[in-house]
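S.K.: Okay, handing you the structure first.
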Amino acid sequence: GSPTISRSFAEGGERARSKIGDNGMDGVQSAGRKKIQQQLEEDSEEYWRKLHKTHYNFSSNEEETGSDWLPPDDDDAADESPETFLRRYGPGEQLDDDDEDDHGNKRIVTLGIAMLVRGVTLTNLHSFVRYHRHIGFDKIFMFFDDPKDPLIQDVQKWPIVQTIACDNAFWEGEAVRDPEFFARWKPHLKDEVMARQTLVVNRALFEAKQRGINWLLHIDADEALLVSDAKAYFRYVPQSINQVRFLNWECALQHPDVDDWFKEVKFFKVNPKSMDQDILAETWPSEKRGNRPFVGYDNGKSAARVQDGVVPMGVHVFGMGDGPKSGFSENETRVDDGRNVKRRGGSAVVLHYINAGFDHWFRKYQILGDFSNHYFGQTPIELPYHLKSREAVRESKSGVMARRFFTKNLCFTNEELSLLNHVGLIVRVLHVSNTLDRLSMFAELPGLKVEEEPISEGGGKKNQFGTTAAPPTTVADL
């Protein structure tokens with residue numbers, strides 16, 4: 001198979017240094033420019049055959065100048081029927097039998113997502129739900145920051161989603177339900193979105209336990225868990241692990257106009273913690289973009305095993321009890337950066353579609369308004385583009401200047417993409433977009449009827465594809 005990501009980074013670095021040494025930086029950019037243009041124009045059909053695998057590989061060899069993050073090739077996939085194709089996720093690595101309970105029965109895995117929503121389009125929420133439903137999530141607890149959000153009446157029709165409007169009655173109820181936890185975050189409830197996120201995740205944990213959900217993942221509407229089969233992934237997490245922390249990759253935009261980021265955005269910056277630091281120093285355009293590759297956070301998002309006592313310790317991690325020193329220990333936490341590790345269930349990473357499109361970015365900073373330079377009035381915000389975006393939106397009367405700022409600072413040129421993709425700092429991810437395209441394709445096939453009962457605490461009834469995550473036919477069928 002393809003080499004692991006760590007080996008590929010090393011090999012890519014040697015090739016990059018060789019090219020830089022022989023031909024200068026222009027030689028690398030010229031070699032990569034042709035490849036990137038070819039990648040942008042390729043038909044995605046050939047990659048449909050590579051979906052629904054447990055393991056991801058960093059694809060790079062001597063003949064290629066670009067880096068893709070793709071499941072392994074499968075020559076037999078083209079001959080499979082749709083039913084077999086959707087049911088088949090690859091063999092995995094037979095390293096343990098931790099998928100069975102103490103009685104030898106296959107462990108049932110039920111998965112939930114907690115998220116606070118505001119300023120997101122119905123199109124993106126639709127794709128978010130369809131994708132995560134398809135990879136194996138059973139319930140999405142969607143809290144609406146604006147209790148009068150008009151999307152509530154549409155989203156509440158989707159059976160997989162439980163909608164909760166965060167009105168005064170909701171917050172008053174939380175103060176009664178869990179007074180100690182609520183009291184800690186109450187002083188920041190009005191001004192800090194992260195405080196509200198933490199509180200709704202705590203409520204989602206309560207809801208998840210009531211519904212018999214095993215694992216709860218906290219991500220936002222502009223994020224996706226990159227994995228083929230989420231149930232297989234979590235089924236093989238050892239019982240000693242209470243938290244999985246997924247490092248995040250951040251999108252690299254090609255242009256400012258994006259409608260559905262899950263379908264349209266396909267290039268991502270690898271997490272700086274996984275980057276080869278020598279390659280980063282040699283190739284990252286720091287004069288234009290600063291020394292920090294990410295414009296947003298780089299410390300990942302987490303999923304917690306649902307059990308008594310577990311609470312969110314902010315928006316990135318979980319722990320037992322409420323306090324700064326009560327987080328899960330290293331021995332209780334798995335950190336996953338998406339490398340092709342040899343374990344059953346494979347690996348996963350969170351894709352962050354941050355500021356994916358000018359309209360979304362502009363609307364986001366209009367909603368955020370004139371926020372403080374400090375988190376919770378104490379910790380300085382060390383995200384330069386976050387602060388600059390606030391100023392750009394505030395000072396732009398017509399939006400023209402803001403659009404110029406966005407295009408210059410938050411979009412990548414083809415030359416930049418080709419170079420950074422060539423050396424492995426940026427990778428191309430087609431799994432999310434192709435999964436959604438494939439769901440749309442199956443929904444349009446004549447005579448293909450998807451029959452499915454709503455998800456229950458026991459995991460739900462399997463459909464004709466052998467999975468509880470069947471492709472929906474319409475928005476109302478979600």
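S.K.: Which whole-number percent gives the relative contact order of segment 346-421, counting Cα pairs below 8 Å spaced six or more residues apart?
M.R.: 24
S.K.: Next question. Enumerate the calculated ³J(HN,Hα) couplings along segment 224-237 in order (Karplus 6.51 cos²θ - 1.76 cosθ + 1.60, θ = phi - 60°), each rounded to whole Hz, writing x wherever the residue is Gly or Pro.
M.R.: Going residue by residue, I get 8, 8, 8, 7, 7, 9, 5, 5, 5, 4, 6, 4, 9, 6 Hz, with x marking Gly and Pro.
S.K.: In sequence order, what are the phi-derived ³J(HN,Hα) couplings for segment 287-295 according to the Karplus relation 6.51 cos²θ - 1.76 cosθ + 1.60 with θ = phi - 60°, rounded to whole Hz, with x for glycine and proline?
M.R.: Those phi angles translate into 4, 8, 10, x, 7, 9, x, 8, 8 Hz.
S.K.: So who's got an amide H within less than 5 Å of the one on GLU223, skipping anything under 5 residues away but keeping other chains? H placed 1.01 Å off N, in plane.
M.R.: TYR353
S.K.: Now for a separate question. Using a 10 Å cut-off on Cβ atoms, rank the peptides 250-258, 311-319 from the highest mean neighbour count down.
M.R.: So the order, starting with the most tightly packed, is 311-319, 250-258.
S.K.: Let me ask another. Would you work out the relative contact order for segment 157-306, in percent, from Cα pairs under 8 angstrom that are 6 or more residues apart?
M.R.: 28
S.K.: How big is segment 107-266 by Rg and Dmax over its Cα atoms, in Å?
M.R.: Considering segment 107-266 through its Cα atoms, Rg and Dmax are 16.3, 48 Å.
S.K.: Taking a probe of 1.4 Å, how large is the accessible area per residue of segment 290-389, in Å²? Let's see the in-between values first.
M.R.: Working: 4360 Å² over 100 residues.
Ligands and nucleic acids excluded, the result is 44 Å² per residue.
S.K.: To one decimal place, what orientation-averaged projected area in nm² is obtained for the convex hull of the Cα set of segment 245-302?
M.R.: Values: hull surface 19.2 nm².
Directional mean of the projected Cα hull area for segment 245-302 stands at 4.8 nm².
S.K.: Per residue of segment 360-375, in order, report the coupling 6.51 cos²θ - 1.76 cosθ + 1.60 (Karplus, θ = phi - 60°) as ³J(HN,Hα) in whole Hz, putting x for Gly and Pro.
M.R.: In residue order, the calculated couplings are 5, 4, 4, 5, 4, 7, 5, 5, 5, x, 8, 6, 6, 7, 10, 6 Hz.
S.K.: Now for a separate question. Write down the accessible area per residue of segment 194-248 in Å², having rolled a 1.4 Å probe over the full set of protein chains.
M.R.: 23
S.K.: On to the next question. Near the amide H of PHE144, under 5 Å away, which other amide H atoms are found, from residues 5 or more places off or on another chain, if H is placed in the peptide plane?
M.R.: VAL117, ILE164, ALA165, CYS166
S.K.: From the cross-link list LYS157/LYS301; LYS288/LYS388; LYS139/LYS231; LYS288/LYS364; LYS301/LYS388; LYS231/LYS364, which pairs have alpha carbons spaced over 21 Å apart?
M.R.: Details: LYS157/LYS301 28 Å; LYS288/LYS388 14 Å; LYS139/LYS231 13 Å; LYS288/LYS364 24 Å; LYS301/LYS388 24 Å; LYS231/LYS364 33 Å.
With Cα atoms farther than 21 Å apart: LYS157/LYS301; LYS288/LYS364; LYS301/LYS388; LYS231/LYS364.
S.K.: Here is a further query. With a 1.4 Å probe and all protein chains in place, put GLU172, GLU416 in order of accessible area, largest first.
M.R.: Highest to lowest solvent-accessible surface, that is GLU172, GLU416.
S.K.: Still on this structure, I have one more. Could you check how much of the accessible area of segment 134-177 is carbon and sulfur, as a whole percent, using a 1.4 Å probe? Intermediate results must be reported in sequence, preceding the final value.
M.R.: Values: 910 of 1850 Å².
Percent of accessible area from carbon and sulfur atoms in segment 134-177: 49.
The values are calculated or read from the model by the stated rules, or taken from the named source; none is laboratory data. Just so it is clear, the structure is predicted and the values come from calculations on it, not from any experiment. Backbone-built Cβ (ideal geometry, glycine too); neighbour counts: all protein chains shown. Calculation scope for accessible area: heavy atoms of the full protein, side chains included, ligands and nucleic acids excluded. Shrake-Rupley method; radii C 1.70, N 1.55, O 1.52, S 1.80 Å.
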